[in-house]
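Working notes for the structure below.
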């Protein structure tokens, strides 16, 4: 019996749990648009299906799809994955889907943020984005969950929480003129406190170099558990990512979380650097109003863009010499989980990775 | 974890329960197409919303909607009704939705019949019908229920069961050249036995006069309980419905059900006769490939086209002198239910009524 609520999660005693808390299921969308995904999205569809199949070993997965791709998605996804119609402009459930909140007494609700395709008319990545904007509501309707309509432009990939009162975000993204130019940093932080029910917001300066999301935090750093972080890293001081990772490291070293703890920070060396190839760009439709992609463009590749599901972590790999080390380090840091590598380049070509295309629905 | 099964309900011990058995929820679709529904479907949308609201007092209701009507449907339906995307060509969930079957031990599955818009290229009512054909699968996916794919063109409105082994249908519909012209009556009956798990199929000759479905049984006669039927009737011997109702009455009087019982048959006098007005036809889009509707056309109006939901029966009314008697007789015959009249003319203008736009999902 879904209702739209005019209160806030904080006022009602609901909060966003950490991604590593137990899930009821994972939500994804199905890639389709030929200006984002090369070769009619066929390689990306295979990559998304592999991610869905990997997660479905550990928890239920629901994939939302436009009606003209329903039969194809149903055929390419394993039968245990649920396929539902959710019309969309592109396939980034992390960013246009709901942020689920819980009250610790079995109830789950959803926050439906405003969505403007990562920058709206200022520097958004495509136009229009009306279908994406309705995705969160449709997910909550299917589940019969109450909805908070948040008056803030925000993508799920621009926040991380530890479930114990701490939120990580980046100033590069949340203060971008493409998001909420009429709000001050204090006003934005007040919304994060109200809708995530966090007590401390840590504003990292910038995200990953060449990240077209205006620097989403979920490509840069993530919680492994409260007080413990994984950060994308490079040892190459000439790489433009170096100063960004160092800046994040130094910022986080100087901070404490909502409970006053200092952070343990694990550096995960980035892949590559990786670049778009001419063959890859030639497979894309050329259209108006979408971000152009050119051969030689730097790709914002990062192992941090992985996803926690129940008893596992699904990590993008790039057929890169750094893959093995990233997987080994994460497996050592997450001894209670299976760390599973899944090829991520085709997802990266669309502008994100495994974390960007998934959204956890927590258990109540 | 939905799977498509290659066996049959009969082989697996599943059967279709009676509509008056307990429901988990009711499924509907949202009217939209302007060649079926006058004035851009606005009056029909109000009528459907009233039906949904009436049922939602007694059990959960889910309404499937095309994406471009999602926001409008969400706004017009009460909040306790769930709205989900299910693309469709028109709004007849009874006919394109799944037939749910149960095994009496808590499990529910669905039968997905072939659908061809009531006659395909022979005498179907519109073209194309590809979205309708996928509705049943999408309903079952949302619910995570296993699916039987039946190799038979059949609409849910062409069958009624008593849940005790008896099926009612009409030869006019099931033997129509527009349905399964390559199958004999015996082959069709074998499919009904296999997929509904019934032991006796009663073939009424014809349905209601001027019914564009080729005479669906659900507009003519229905079970009130096993062994007891309600039949649409007229006392006017000059009305073309007279001989059809008399023919059905005499046929049923001579039959027994699967358990050997003779039928008690209650006659419910029809409304009207009712006819399309010029004002009503002028509100329709004129298009190719759809059944034309002309001022003065006879409407196949019947109170029998009502719907059982938990603890109630939702009955169409027509602002007609016969309304009060129909409601009173049904209330007397259904003493354990609330009999609720809901205005049905706007639904009738589209070619059916409350039973045609609903589909029960039984409790397991």
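Summary of values
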item	result
Of A:181, A:31, A:226, the one that fluctuates the most in a GNM where chain A has Cα springs shorter than 10 Å	A:181
Inter-chain Cβ neighbour average for residues A:59-66, partner chain, 10 Å	1
For A:83-89, mean number of other protein chain Cβ atoms within 10 Å	5
Extension reserve of the residue B:107-residue B:255 stretch, reckoned as 0.36 nm per residue once the Cα distance is removed	50.0 nm
Per residue, the convex hull volume that the Cα atoms of the stretch B:25-124 enclose (Å³)	113 Å³
Sorted by Cβ density within 10 Å, fewest first, the residues B:332, B:206	B:332, B:206
Cα gyration tensor shape of the stretch A:48-93, rounded if a/c is under 1.5, else prolate or oblate by comparing a/b with b/c	prolate
Kirkwood Rh in Å, taken over all unlike Cα pairs in the stretch B:177-315	17.2 Å
Candidates B:130, B:236, B:320, ranked by Gaussian network fluctuation over chain B, Cα under 10 Å, top entry	B:236
All-pairs alpha carbon distance profile, the protein assembly as shown, 10 Å steps from 0, percent	3, 14, 23, 21, 15, 12, 8, 4, 1, 0
Fewest-first ranking of A:214, B:158, using other Cβ atoms within 10 Å as the exposure measure	A:214, B:158
Prolate/oblate/rounded label for the stretch B:170-251 (Cα gyration tensor, a/c 1.5)	oblate
Alpha-carbon centroids, the stretch A:47-77 and the stretch B:292-311: separation in whole Å	40 Å
Relative contact order [Cα under 8 Å, 6+ residues apart], chain B, whole percent	23 percent
Ratio of Rg to Rh over the stretch B:4-362 (Cα coordinates, Kirkwood Rh, two decimals)	0.93
The stretch A:241-364: proportion of alpha-carbon pairs further apart than 19 angstrom, %	59 percent
Highest-fluctuation residue, A:95, A:146, A:297 considered, GNM on chain A with Cα pairs under 10 Å	A:297
Fewest-first ranking of B:232, B:8, using other Cβ atoms within 10 Å as the exposure measure	B:8, B:232
Mean Cβ neighbour count within 10 Å, used as a protection proxy, ranking A:41-50, A:101-110 highest first	A:41-50, A:101-110
All-pairs alpha carbon distance profile, the stretch A:121-223, 5 Å steps from 0, percent	2, 12, 21, 23, 21, 15, 5, 1
Helix-only [θ]222 nm of chain B, DSSP H runs n ≥ 4, -39500 (n - 2.57) each, per residue, nearest 500	-7000 deg cm²/dmol
Cα gyration tensor category, rounded, prolate or oblate, for the stretch A:9-71 with a/c compared to 1.5	prolate
The stretch A:79-110 versus the stretch B:225-284: alpha-carbon centroid distance in Å	48 Å
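We did not get these values from a lab; they are worked out from the coordinates using the rules stated. Here the structure is a predicted model, which is why all the values come from computation and not from measurement. In this analysis, Cβ positions are derived from the backbone assuming ideal geometry, glycine residues included, and neighbour counts consider all displayed protein chains.
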